[in-house]
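Here is the structure we will look at.
A short reminder: the numbers here are calculations on the coordinates, not readings from a lab. None of the values given here were measured: they were computed from a predicted structure. No Cβ is skipped: glycine too gets one built from the backbone with ideal geometry, and neighbour counts run over all protein chains shown.
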Amino acid sequence: MQKHAARIAWAGVCISAGVVILHMAGSVPLWAYAAVLVLMFPVIIIGICLWWMAKGGKEDIPFIGY
Amino acid sequence: MSNLAGIPYYVLEFGDELVYFTPYTITLFLLALTFTIFVLVSRPERQVDIAFGGDAYTTKEITISEMRFRRFMAIACGLASMGAMVTGDIFNFTLFTAMVGITNVGIVAAVKSPHVQNAAFQYGLVALTATVPLFGGAAVYAAATGSLSMIELAKGTLPAVPFVAKAFLVLGVIGEGMAPFYAAKAEMFRAPGAPYVIMCSLSSLLIFLRVIEVVMLG
Amino acid sequence: MIAELVLATVFGLLLLGIHRKVIARIQRRPGPPVWQEILHMLKFSFKSTWVPATASATLFIGVVLVAIGIWTAAFFVVFTGGSLLVVFAIYMLHKIVEHGFGLSSGSPYGKFGGVRSVISAASEIPLFVSVAAIAIFTRSFTLSDIVLYQQVHGPLLFIAFPAAIAMYLVILSKMPSGPFSIVESKELVSGYKTEHFGVWRAGLEVCNGLKTTVLFSTFILVFIGQVPILWMVVGMVLLVISLSFACALTPMLSPFDSVTVQTIVTGLMLCYGTFLYVGGVA
Amino acid sequence: MIIRRISHYLCNYENIVPLFAGACAFIVLIGILLLPIQYHNDQLYPKTIDRNSTLDPYDRGGPPFAQATIRAQYPENSPSAGLVTSYLTPFSQFLADTTPHLGTTIVAHPGGILDEILYNTRGLDTVVEPTILFIAFAIASYLYRKGS
């Protein structure tokens, strides 16, 4: 699970970095650059968080009161 | 005010009905698309009910046939709101809006709770009535300007749209989507099946956002 | 631009921390340190995480991604001086995110939070009236045009004061522990956030930080105009302090009262808009 | 307090129907006060009504299978506009020629009329309209089956 998340996060980082470089080189217009970042930013954040999170327990029913 | 929500980036022709994308409509369209995909792939949650005063709790299960029907309605609702987002024709917009209204009732019609069904019934009455101002508004648009195309209206060469037409259109959309009258909609939201009931709220917000753009044209 | 995105998130969380601190000081509590919200975000991000057994898993996770995604988009729109309508469409669609968070878990508390968020959807309508009022003056919805207008005619804060008040109220209704924050009231545990713990909550915090920065900077851009970045920061801090006073000194309204008050504000704004439109001020 | 009373009224969902009806009445009243609305003569889909035609309400003019003039908003998008004015099978044509009654049933009649404007220039409408009907039937039939 965590290895998987790390891979997703790295893929997101690589794609965003690629688009940033391409945008600086002038071959990607601003709107496409923004669109890619809008898609990738959530993925990167959740990916990184899932990667460094603590070991998970077993899933259970939701909180239903004290 | 011609360049209202951005220039149409892309125009798709269906005869006299143009489908166009501006930054505004494309944002709304993508949101509708995202949530329709969620409806398509996600299973409903099992809603937990607590018996107050004790530790007991029960989970509500949704039967397969109910789930299928509600998913179908929710997808139809998503498609209708996508259509309403991108269409460039007043009459077409009202048709899609009417479809949103009817699918919204359909989404909760299958729920077994009488409370939810009562609310859905009241909502259905309003949605039914709202078609009168909705289509009436479109008719006044056509009579006063001679055209139904939003792109033509935005050019500003046609006569100004009368205030009543805009008011009718907004009133119709409010009735179909129940935008500020949320009491009934909130009761409908107590129904289990999160991905589907979210579609009710999403579609009504979206058509409300779109009608704001529409009334600002012309 | 990814650096700006991260900075905006952290700064938004800092603003929320200042918000908490000022409220605490007004109420004569010590309050948490101002960077508490940032620590919060980090803390949640390395807690153990899973999806509740009763949840609708795809929606449960997907809505977190959507929450961050829409505010990233809003950030870019503000950053590039795009259309004000898009920013506010995203603001309204944040409601859907709240519904998604609340309803997807199956928890009754989350459900109540989601239902309250549906009730309070009327609160966003003053916003559109105020946007329309602004457009009557500036004849455009793009932020860059609004900024240009203000360079010629002075800040809109003085020209369209009622619109500023309406938008201020709208921002107030999104702040935690304000008079209109019925979705986060404490009898619902954490409202729609109840079931999103661990990583999912960290994602929600990121969204909140970004949202705060975007909304505040939009307010300053629209009503004061383009100012140097330092003054922008100062303005945002002042804004959050004034909001904290409003939040600390007013009780939370009951759900339907909150809706009624906001509907009345909408009615007043409609009168103002009609007055501007008919009077032909512009 | 007045706010408390208003919100008490609003929170009951049985009150939204009268509320909406009131809003409709209010807007209609404003509409009546703002009369007259100028009718724009340059209409998009003009229609001349020939009361003497046997196809009376549906007759859009022009002989079958010949080109008629149809004003479209974007004529370049519907190149075949006006080519099909009305389509009648020989039997329908016979009925139309001999009796004055075909006009009332023509849409339901097999081999009846094709509404040029609807099908040729406003194609998306014709798709959405039956979809609404279909959805309504689907809801009704589901509820019916659920009851049994």
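One Cα centroid belongs to region C:63-80, the other to region C:236-278; the line between them spans 25 Å. A crude spin-label estimate for the pair residue D:126 and residue B:41, with each label 7 Å from Cα along the Cβ direction, gives 3.7 nm. Rounded to the nearest Hz, the phi-derived 3J(HN,Hα) couplings of region C:207-218 under the Karplus curve 6.51 cos²θ - 1.76 cosθ + 1.60 (θ = phi - 60°) are 4, 5, x, 4, 4, 4, 4, 5, 5, 5, 5, 4, where x marks glycine and proline. Label zone (residue D:134, point 7 Å along Cα-to-C-beta; backbone nitrogen cut-off 16 Å) within region B:23-40: none. Once the Cα-Cα distance is subtracted from the 0.36 nm per residue extended length, the residue D:91 to residue D:118 segment shows a gain of 7.3 nm. Backbone N atoms of region C:197-218 closer than 16 Å to the 7 Å Cα→Cβ label point of residue C:39 are not found in any residue. From its DSSP helices (H runs of at least four residues, each -39,500 (n - 2.57)), chain B gives a residue-normalised ellipticity at 222 nm of -22500 deg cm²/dmol. Centroid-to-centroid, using Cα positions, region C:87-146 and region C:23-44 are 26 Å apart. Evaluated at q = 0.07, 0.10, 0.11 Å⁻¹, a Debye calculation over the C-alpha positions of the protein assembly as shown (equal weights, vacuum) places log10 I(q)/I(0) at -0.51, -1.02, -1.22. Here's how it looks for residue C:142: its modeled amide H is under 5 Å from those of C:84, which are all 5 or more places away or on a different chain. Per-residue ellipticity at 222 nm from helix content only, as computed over chain C with -39500 (n - 2.57) for each DSSP H run of at least four residues, stands at -24500 deg cm²/dmol. Across chain C, C-alpha contacts under 8 Å between residues 6 or more apart give a mean separation that, scaled by the residue count, equals a relative contact order of 31 percent. The distance between label points at residue D:49 and residue C:152 comes to 5.1 nm (points 7 Å beyond Cα on the Cα→Cβ vector).
Taking 20 Å as the cut-off for C-alpha to C-alpha distance, list the pairs among C:111/C:193; B:60/C:111; C:47/C:193; C:21/C:174; C:47/C:174 that go past it. Before the final figure, lay out each step's value.
On the way: C:111/C:193 10 Å; B:60/C:111 13 Å; C:47/C:193 16 Å; C:21/C:174 17 Å; C:47/C:174 27 Å.
The answer is C:47/C:174.
Computed packing ranks the peptides B:39-47, D:20-28 as B:39-47, D:20-28, most packed first, by mean other Cβ atoms within 10 Å. GNM remark for chain B: springs join alpha carbons under 10 Å apart, and the peak mean-square fluctuation among B:89, B:49, B:16 falls on B:49. Once the chain from residue D:38 to residue D:2 is taken as fully extended at 0.36 nm per residue, the excess over their C-alpha distance is 8.8 nm.
Quick check for you: which residues of region B:130-151 have the amide N under 14 Å from the point 7 Å beyond the Cα of residue D:71 toward its beta carbon? Counting backbone N atoms under 14 Å from the label point, the list is B:142-149. With one equal scatterer per alpha carbon and no solvent term, the Debye-computed log10 I(q)/I(0) for chain C at 0.07, 0.08, 0.10, 0.16 1/Å reads -0.25, -0.33, -0.52, -1.35. Across region A:2-52, counting alpha-carbon atoms alone, Rg and Dmax equal 11.7, 36 Å. Of all the options B:38, B:93, B:168, the one that moves most in a Gaussian network model of chain B with Cα springs shorter than 10 angstrom is B:38.
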